[in-house]
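In what follows, a single structure is set out as structure tokens and then discussed.
The values are calculated or read from the model by the stated rules, or taken from the named source; none is laboratory data. Every value quoted in this text rests on a predicted model; they were computed, and no experiment measured them. Positions of Cβ are generated from backbone atoms using ideal geometry, with glycine treated the same way; all protein chains shown enter the neighbour counts. These accessible areas exclude ligands, DNA and RNA; they are computed on the full protein's heavy atoms, side chains included. Shrake-Rupley method; radii C 1.70, N 1.55, O 1.52, S 1.80 Å.
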Amino acid sequence: MKKYMLIISLIFTGTGSMAQITLLQAWNGSSISTATNGNAAIGTTTYANAKLTIKNIQRQTLPVFNQAPTGLKILNGYDGSVMNNAFEVWNGIHQLISGPNGSFENYNPNLVFWISNRDEVGISKSLRIGATAANGSYANYKLSVDGDMIAKRCVIQVSNWADYVFNENYNLPDLAEVEQYIQEHKHLPGVPSEKEVLTNGVEMGAMNKILLQKVEELTLYMIQISKENSEMKKQLETLKAK
């Protein structure tokens, strides 16, 4: 099989200019198709409105059907000290900035996505998984998943915990006050209502803290009741002794 080389030339025309890429020849006997608009395709003549299209579909007989090998492979070394990314995606806008010799075009890119040579994947803003994007009060979250998630372990970082309930100066609500609050609001004091949860969701770290607070308050109530019961038993025993 005749072998070819893929030659990519980078031409830098000065500060603020983008590199021009010229594709000259193909390799492995599979031609690179190029269009007049600068697009290129490997393994197909369909450009799909992309600067570079790679088609790699290997059809096989049953039971393994339509299974493709790796379409694109990027290899990058790491010696323990050189910390650079193996792959990056940038995005930005062109602006007309007034300079000393008149207006000129300036490109201001931002790093959007990268894969480092330290086995790390980075996303600068947010990640969406699934067909439907989060909206409303959920729209600005870093991770949006339209579907179920499963994990073996999940850790939520918190800045404080609810053990302040056991401090001597903690104001434990009177049970009569709690009863009155429940009758008026139909939920425990300090706990989000059903309407709030349906609108804003449940923040797991904060909700676990609230639940722990209520468990610790219940423990204090039970200790109080236990002491009162013990005192009543002593009084009854005293009365019986008389």
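Miscellaneous remarks
- Modelled spin labels at residue 181 and residue 81, positioned 7 Å past Cα toward Cβ, are 6.1 nm from each other.
- Expressed in units of 2.2 N^0.38 Å, where N is the residue count, the Cα radius of gyration of segment 134-242 is 1.59.
- Applying 1/(1 + (r/R0)^6) with r as the Cβ-Cβ distance of residue 123 and residue 231 and R0 = 45 angstrom yields a FRET efficiency of 0.15.
- Restraint check, 152/209; 51/73; 209/234; 142/195, Cα-Cα greater than 28 Å: 209/234
- Whole-percent carbon and sulfur share, accessible surface of segment 120-212, 1.4 Å: 54
- The residues of segment 110-180 have, on average, 87 Å² of accessible surface per residue, using a 1.4 Å probe with all protein chains present.
- A DSSP coil position with no more than 15 other Cβ atoms inside 10 Å describes the following chymotrypsin sites (Phe, Trp or Tyr not before Pro) in segment 151-221: 161, 170.
- Cβ-derived FRET efficiency at R0 41 Å, residue 33 paired with residue 160, nearest 0.05: 0.10
- Residue 223 versus residue 106: modelled label distance in nm, points set 7 Å from Cα along the beta carbon direction: 6.4
- Rolling a 1.4 Å probe over the protein chains gives residue 82 an accessible area of about 70 Å².
- Along each principal axis, Cα extent of segment 159-223, largest first, Å: 36, 32, 17
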